[in-house]
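The block underneath contains the structure these notes are about, expressed in structure tokens.
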Amino acid sequence: MPRKAVAVLSASGLVGQRFQQRLCEHPWFEFVAVAGSPMSEGRKLSEIPWRLDEARPDLPELTVLGLNSLVDELLELEVEIVFSALPSDIALDVEPMIAAAGISVLSNASAHRCIAGIPLVIADLNPHHLTHWKDSALGPIACSTNCTVIPIALPLKPLWDMVGFNQVSIRTEQALSGGGRELLSSGIGGSKCEIPGEAEKIEQELLHILGRVSIEGISPTTIGIDVDCKRVSERDGHLVHVEVELNRETSLSEIKEWMAAWSDRPQHLKLPSAPDSPVIIIDGLPTREEYLMAGGDGLKSGMSVVVGNLKIDKTNLSFSALSHNTIRGAAGGCILLAELMLAEGLLD
């Protein structure tokens, strides 16, 4: 099939550059435009400092567009899909303007998450929430979740389906890159730091993606969630420690089997960015050094959640889980969502 023309909103941000990296040779999408801040506007993309650990890929020779006349320029370039990594306060205005022009917006920004009619979707967890795609008066916008929701939600989903639970306690150790390039550049020293507002976002989004779909929309679930978030001195990778009170006793071997066997439509459709195993089970603690890029080769790299330290005591289960926050938790997950939507005819 012909590749879809796509644009990235963010020229110099960490997530924006992850989008660029994963789109420049994507088999389904053609990266034809990039927009950025006034500091980047008018510059060649090749002149923008590259901030990822990996070498700069062979990006197209693009000039960074500004945001003021962006819609007209996107229409002129026949862009069909926009991937947004804008700051939320800017995304709040820019994304609806683009959607109003009939261009589909796949957003990693938090501005429109949990808004009625705008799907909040992890592609291989709650794709049925796409039922309400284009239901919003704001136009065709869909959102990916907060990056820390991924290593919590993917291991919990098979448990939710098989036995259910009513209470979850979560402790996070989130990498510097989750706070943006300025935090990554400055670091936070050796001590752990609080992340204001993060626990509330994780709780709201987790309740939403585990919610029920009806004709009226999404009804969030009502389980109890307790979250304690900390920033740690690691470049990439969010590690979470989860305790969950299951609705009935089950064996650890069953739990491991359910998690390891989890798959959904992206795996069945063999989408380019879909890891064969969304959840990988190990015996010990999943370390960043060994498991950060788990998932496979190419676009699958960094797309799996690695779960370890699983322990069960009657109905109390605990585990630790790791995922790459700027890949699976941001750009990679958002691209996987776009692949699913395209494969199912939602972006035609």
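The values are calculated or read from the model by the stated rules, or taken from the named source; none is laboratory data. Please read these numbers as outputs of a predicted model, since none were measured by experiment. As a convention, Cβ positions derive from the backbone with ideal geometry for all residues, glycine included, and neighbour counts pool all protein chains shown.
For the stretch 126-142, the candidate set comprises residues that are within 10 Å of Gly217 (Cα to Cα) and part of a helix (DSSP H, G or I); within that set, the residue that is modelled with the lowest pLDDT is His132. Leu299 falls short on exactly one of the conditions (1) out of contact with any helix residue (DSSP H, G or I) (no Cβ under 7 Å at 6 or more places or on another chain); (2) buried (at least 17 other Cβ atoms within 10 Å of the Cβ), and that condition is (1). When the test is whether a residue is closer than 21 Å to Val34 by Cα and buried (at least 18 other Cβ atoms within 10 Å of the Cβ), Leu74 passes it. With respect to (1) at pLDDT below 95; (2) under 24 Å from Ser185 (Cα atoms); (3) touching a Ser or Thr at 6+ places or on another chain (Cβ under 9 Å), the lone exception for Leu45 is condition (1).
Per-residue answers, yes or no, for (1) touching a Phe, Trp or Tyr at 6+ places or on another chain (Cβ under 9 Å); (2) modelled with pLDDT of 90 or more; (3) over 28 Å from Pro96 (Cβ atoms):
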position: Ile152; (1), (2), (3): no, yes, yes
position: Trp160; (1), (2), (3): no, yes, yes
position: Val168; (1), (2), (3): no, yes, yes
position: Arg171; (1), (2), (3): no, yes, yes
position: Ala175; (1), (2), (3): no, yes, yes
position: Leu184; (1), (2), (3): no, no, yes
position: Ile188; (1), (2), (3): no, no, yes
position: Lys192; (1), (2), (3): no, no, yes
position: Gln204; (1), (2), (3): no, yes, no
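Each residue in the stretch 143-154 was checked for being touching a His at 6+ places or on another chain (Cβ under 7 Å) and either surrounded by fewer than 23 Cβ atoms within 10 Å (Cβ to Cβ) or not in a helix (DSSP H, G or I) (or both), and 3 of them qualify. Per the listing Ile118, Ile98, the residue uniquely closer than 14 Å to Ala7 by Cα, touching a strand residue (DSSP E or B) at 6+ places or on another chain (Cβ under 9 Å) and surrounded by 18 or more Cβ atoms within 10 Å (Cβ to Cβ) is Ile98. In this structure, does Ile335 turn out to be in the same structural domain as Ser10 (by TED's automatic domain parsing), more than 17 Å from Thr148 (Cβ to Cβ) and not small (Gly, Ala, Ser)? The answer is yes for Ile335. Going through (1) closer than 23 Å to Leu120 by Cβ; (2) exposed (fewer than 14 other Cβ atoms within 10 Å of the Cβ); (3) out of contact with any Asp or Glu (no Cβ under 7 Å at 6 or more places or on another chain) one by one, Lys157 falls short only on (2).
Considering the stretch 24-51 alone, what residues qualify as being of a type outside the set (Ser, Thr, Tyr), free of Cβ contacts under 8 Å to residues at least 40 places away in the same chain and in a loop (DSSP other than H, G, I, E, B)? Residues satisfying the conditions are Cys24, Glu25, Gly36, Pro38, Met39, Glu41, Gly42, Arg43, Ile48, Pro49, Trp50. For the stretch 5-20, the set of residues classified as part of a helix (DSSP H, G or I), within 12 Å of Phe31 (Cα to Cα) and touching a residue at least 60 places away in the same chain (Cβ under 8 Å) consists of Phe19 only. Would the stretch 307-315 turn up any residue that is among the small types (Gly, Ala, Ser) and under 25 Å from Gly237 (Cα atoms)? Yes; the residues of the stretch 307-315 include at least one that is among the small types (Gly, Ala, Ser) and under 25 Å from Gly237 (Cα atoms). Does the stretch 263-275 contain any residue that is free of Cβ contacts under 8 Å to residues at least 60 places away in the same chain, touching a helix residue (DSSP H, G or I) at 6+ places or on another chain (Cβ under 8 Å) and more than 24 Å from Gln174 (Cβ to Cβ)? No, the stretch 263-275 contains no residue that is free of Cβ contacts under 8 Å to residues at least 60 places away in the same chain, touching a helix residue (DSSP H, G or I) at 6+ places or on another chain (Cβ under 8 Å) and more than 24 Å from Gln174 (Cβ to Cβ).
All conditions in (1) surrounded by fewer than 23 Cβ atoms within 10 Å (Cβ to Cβ); (2) modelled with pLDDT of 95 or more hold for Cys334, with the sole exception of (1).
Among the residues of the stretch 236-267, those that are more than 23 Å from the chain's Cα centre (by Cα) and among the hydrophobic types (A, V, I, L, M, F, W, C) comprise Leu246, Leu252, Ile255. Within the stretch 115-133, residues that are within 12 Å of Ile150 (Cβ to Cβ) sit with their Cβ atoms under 8 Å from residues that are among the acidic types (Asp, Glu), at 6+ positions apart or across chains, in these pairs: Ala123/Asp264; Ala123/Glu339; Asp124/Asp264; Leu125/Asp264.
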